[in-house]
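S.K.: This structure is in structure tokens; I'll ask about it shortly.
The values are calculated or read from the model by the stated rules, or taken from the named source; none is laboratory data. Because the structure is predicted, anything quoted here is derived from the model rather than measured. Glycine gets a Cβ as well: all are built from the backbone with ideal geometry, and neighbour counts include every protein chain shown. Accessible surface areas use protein heavy atoms only, side chains included; no ligands, DNA or RNA. Shrake-Rupley method; radii C 1.70, N 1.55, O 1.52, S 1.80 Å.
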Protein chains: 2
Amino acid sequence: MPHPLPSGPEQRPIATVDIVIVTLSEGALRLGLQRRDREPHKGELALIGGYVRPEEDGDIEASARRILADKGRLTGLYLEQLRSFGGPSRDPRGWSISIAYLALVPEATLRAAETRGAPPFELIDPDRCPRLPFDHGRIIAAALQRLRSKASYSTLPAFLLGSQFTLPELKSVYETVMGTPLNDSAFRRKLMEMHILEEVEAKAAATAERKRPAQLYRLAKETLTEFDRTV
Amino acid sequence: MPHPLPSGPEQRPIATVDIVIVTLSEGALRLGLQRRDREPHKGELALIGGYVRPEEDGDIEASARRILADKGRLTGLYLEQLRSFGGPSRDPRGWSISIAYLALVPEATLRAAETRGAPPFELIDPDRCPRLPFDHGRIIAAALQRLRSKASYSTLPAFLLGSQFTLPELKSVYETVMGTPLNDSAFRRKLMEMHILEEVEAKAAATAERKRPAQLYRLAKETLTEFDRTV
DNA sequence: ATAATAGTGTCTATCAGACAATATAGT
DNA sequence: ACTATATTGTCTGATAGACACTATTAT
């Protein structure tokens with residue numbers, strides 16, 4: 001059943017990108033949300049997002065990175081596409097598609113962005129997240145599901161830490177993201193066997209309460225590594 | 001740096017859906033491709049795809065199912081979203097977004113669709129696939145990667161079989177998709193322990209060359225099940 | 001009976017978790 | 001020396017793979 005060609009621009013859906021920024025604050029996962037600076041839903045807490053701009057973006061990831069830079073003063077983050085959401089009622093402006101991204105950022109990077117003039121990020125506990133505009137609740141659910149399911153067989157959680165970290169810190173992030181305690185010696189054994197870490201020629205500072213300083217490591221590869229087993 | 005609002009329809013990217021149809025023919029994975037019935041690339045072999053139609057589709061999956069039904073006479077398939085691809089040059093008509101889907105279909109269903117009037121599907125060996133128009137090669141690569149990586153911990157390969165199948169058949173599909181031989185007794189043990197199969201009160205037919213008939217099973221759940229371990 | 005595939009039982013190697021033992025540095 | 005955390009070593013239980021053995025049905 002042939003239809004009139006719906007190729008004309010007037011019949012195209014709106015195309016946007018929404019980015020779920022996840023960070024780690026005081027050992028717990030937090031969503032980095034901002035208050036919207038324009039209608040619709042001006043002033044409400046929401047994911048950062050924006051239009052795909054054909055005239056300037058080379059691809060969709062470029063749209064996402066432009067939006068992160070413009071609205072969050074954030075560059076160089078770990079970023080991965082989640083999936084796309086579409087429908088007539090998810091945005092009051094009309095039938096829209098949102099390509100959702102997950103971004104992981106160390107808290108210090110987020111704070112530094114605010115210092116450089118980014119509108120403030122509110123760090124929201126995903127378990128206590130208020131109802132959000134559009135379908136941002138659904139998008140966040142997809143992001144957390146991806147983060148949790150991919151954590152155990154990849155270096156994903158490491159992108160919530162800075163470039164150097166100790167093994168106990170790394171283990172703690174895995175535990176936080178996965179929501180389950182891990183065995184100490186098994187964790188070390190596996191990470192060492194997989195050769196995904198490199199020693200840094202320095203140790204973390206000891207303090208009054210953190211007696212023995214731990215060895216610092218960095219990721220051997222700057223990009224995500226997937227394992228053939230779980231941590 | 002505020003821009004003129006790119007919200008007007010005239011600045012929206014083209015929004016399309018492309019579907020990677022995968023089937024199993026003579027024990028091997030095959031792509032179900034059709035020759036394009038219109039420009040651009042009319043007459044060339046390609047994925048089936050089409051526009052997202054805001055005026056009639058309830059969401060993006062509805063677009064995909066409409067396209068499967070219209071161009072392939074296919075309904076009720078296993079369908080999952082892969083990811084979206086976008087850019088200025090992937091489609092000669094302009095800056096476009098394609099939301100890619102993976103569809104799994106038993107070969108008999110594909111043949112039945114042709115009998116009902118669908119344009120013929122050519123079953124292409126993914127390892128011998130000619131260069132395809134648009135960025136369909138990339139989309140197919142993403143589909144195969146998803147299929148292969150998800151196979152070992154889910155019921156995904158079962159959707160390449162009909163509604164009833166024997167354990168040796170199921171094991172063979174897993175082996176084909178994963179590209180590696182599996183241990184017979186371990187395969188049975190695990191599938192039985194996970195309770196994802198139900199016995200059907202019938203056995204497969206024996207033949208001259210297939211002596212002992214095997215027990216038939218069906219999936220206990222019609223939808224995809226993910227395991228907490230591998231097969 | 002024989003052939004061929006379906007299905008079961010058992011042994012073993014591997015790997016993850018438990019946990020004890022040791023190491024290091026601040027106080 | 002004492003404390004707290006980091007790191008290593010060893011034991012044990014669970015599980016996957018190898019493979020031999022039994023079962024079933026057509027010829």
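S.K.: Can you tell me which condition B:Thr115 does not meet? The list is (1) surrounded by 11 or more Cβ atoms within 10 Å (Cβ to Cβ); (2) under 21 Å from the mean Cα position of the chain (by Cα); (3) more than 16 Å from DNA strand D (Cβ to nearest atom), and all the others hold.
M.R.: For B:Thr115, the exception is condition (1).
S.K.: Between a residue in region A:178-201 that is within 14 Å of chain B (Cβ to nearest Cβ) and any residue that is away from DNA strand D (no atom under 12 Å from the Cβ) and not basic (Lys, Arg), which pairs come within a Cβ distance under 6 Å, given they are 6 or more apart or on different chains?
M.R.: A:Met178/A:Ala151; A:Met178/A:Ser152
S.K.: Going residue by residue through region B:154-162, is there one that turns out to be at pLDDT 95 or above and open to solvent by 70 Å² or more (accessible area, probe 1.4 Å)?
M.R.: no
S.K.: Right, another one. Mind telling me which of the residues A:Leu24, A:Leu82, A:Leu74 ends up being in contact with a Leu (Cβ under 7 Å, 6 or more places away or on another chain) and part of a loop (DSSP other than H, G, I, E, B)?
M.R.: Result of the check over A:Leu24, A:Leu82, A:Leu74: A:Leu74.
S.K.: For region B:199-231, give me each residue that is of a type outside the set (Lys, Arg), part of a strand (DSSP E or B) and near DNA strand D (Cβ under 10 Å from one of its atoms).
M.R.: Answer for region B:199-231, where residues must be of a type outside the set (Lys, Arg), part of a strand (DSSP E or B) and near DNA strand D (Cβ under 10 Å from one of its atoms): just B:Gln215.
S.K.: Residue under question is A:Ser89, and the condition is that it be without any contact (Cβ under 8 Å) to a residue 60 or more places away in the chain, among the small types (Gly, Ala, Ser) and under 21 Å from A:Glu44 (Cβ atoms); does it hold?
M.R.: yes
S.K.: Might you check whether a residue that is buried (at least 16 other Cβ atoms within 10 Å of the Cβ), more than 8 Å from every other protein chain (Cβ to nearest Cβ), aromatic (Phe, Trp, Tyr) and under 30 Å from A:Val173 (Cα atoms) occurs anywhere in region A:65-78?
M.R.: The answer is yes; a qualifying residue exists.
S.K.: Between B:Arg30, B:Arg53, which is in a loop (DSSP other than H, G, I, E, B) and in contact with a Ser or Thr (Cβ under 7 Å, 6 or more places away or on another chain)?
M.R.: Step by step, each of B:Arg30, B:Arg53 is checked, and only B:Arg53 is in a loop (DSSP other than H, G, I, E, B) and in contact with a Ser or Thr (Cβ under 7 Å, 6 or more places away or on another chain).
S.K.: For region A:176-198, how many residues are open to solvent by 40 Å² or more (accessible area, probe 1.4 Å), in a strand (DSSP E or B) and either within 30 Å of A:Gln145 (Cβ to Cβ) or modelled with pLDDT under 95 (or both)?
M.R.: Of the residues in region A:176-198, 0 are open to solvent by 40 Å² or more (accessible area, probe 1.4 Å), in a strand (DSSP E or B) and either within 30 Å of A:Gln145 (Cβ to Cβ) or modelled with pLDDT under 95 (or both).
S.K.: Oh, and also: Can you pull out the residues in region A:155-179 that are aromatic (Phe, Trp, Tyr) and within 16 Å of DNA strand D (Cβ to nearest atom)?
M.R.: Matches in region A:155-179: A:Phe165, A:Tyr174.
S.K.: Here is a list: B:Ser96, B:Ser89. Which entry is within 10 Å of chain A (Cβ to nearest Cβ), modelled with pLDDT of 95 or more and either surrounded by 16 or more Cβ atoms within 10 Å (Cβ to Cβ) or in contact with a helix residue (DSSP H, G or I) (Cβ under 6 Å, 6 or more places away or on another chain) (or both)?
M.R.: B:Ser96
S.K.: For region A:139-154, indicate whether the set of residues that are touching a Pro at 6+ places or on another chain (Cβ under 6 Å) and either assigned to a loop (DSSP other than H, G, I, E, B) or near DNA strand D (Cβ under 10 Å from one of its atoms) (or both) is non-empty.
M.R.: No, there is no match, as no residue in region A:139-154 is touching a Pro at 6+ places or on another chain (Cβ under 6 Å) and either assigned to a loop (DSSP other than H, G, I, E, B) or near DNA strand D (Cβ under 10 Å from one of its atoms) (or both).
S.K.: Also: Search region B:15-46 for residues being open to solvent by 10 Å² or more (accessible area, probe 1.4 Å) and in contact with a helix residue (DSSP H, G or I) (Cβ under 8 Å, 6 or more places away or on another chain), and hand back the single one that is nearest to A:Arg53 (Cα to Cα).
M.R.: This residue is B:Asp18.
S.K.: What's the total number of residues in region A:111-130 that are in contact with a helix residue (DSSP H, G or I) (Cβ under 7 Å, 6 or more places away or on another chain) and either part of a helix (DSSP H, G or I) or farther than 15 Å from A:Gln34 by Cβ (or both)?
M.R.: Residues flagged as in contact with a helix residue (DSSP H, G or I) (Cβ under 7 Å, 6 or more places away or on another chain) and either part of a helix (DSSP H, G or I) or farther than 15 Å from A:Gln34 by Cβ (or both) within region A:111-130 amount to 2.
S.K.: Give the number of residues within region A:199-212 that are away from DNA strand C (no atom under 11 Å from the Cβ) and open to solvent by 50 Å² or more (accessible area, probe 1.4 Å).
M.R.: Residues that pass the stated criteria total 2.
S.K.: Output the residues belonging to region B:178-231 that are farther than 21 Å from A:Thr230 by Cβ and among the aliphatic types (A, V, I, L, M).
M.R.: Once the filter is applied, which keeps residues that are farther than 21 Å from A:Thr230 by Cβ and among the aliphatic types (A, V, I, L, M), region B:178-231 yields B:Met192, B:Leu197, B:Val200, B:Ala202, B:Ala204, B:Ala205, B:Ala206, B:Ala208, B:Ala214, B:Leu216, B:Leu219, B:Ala220.
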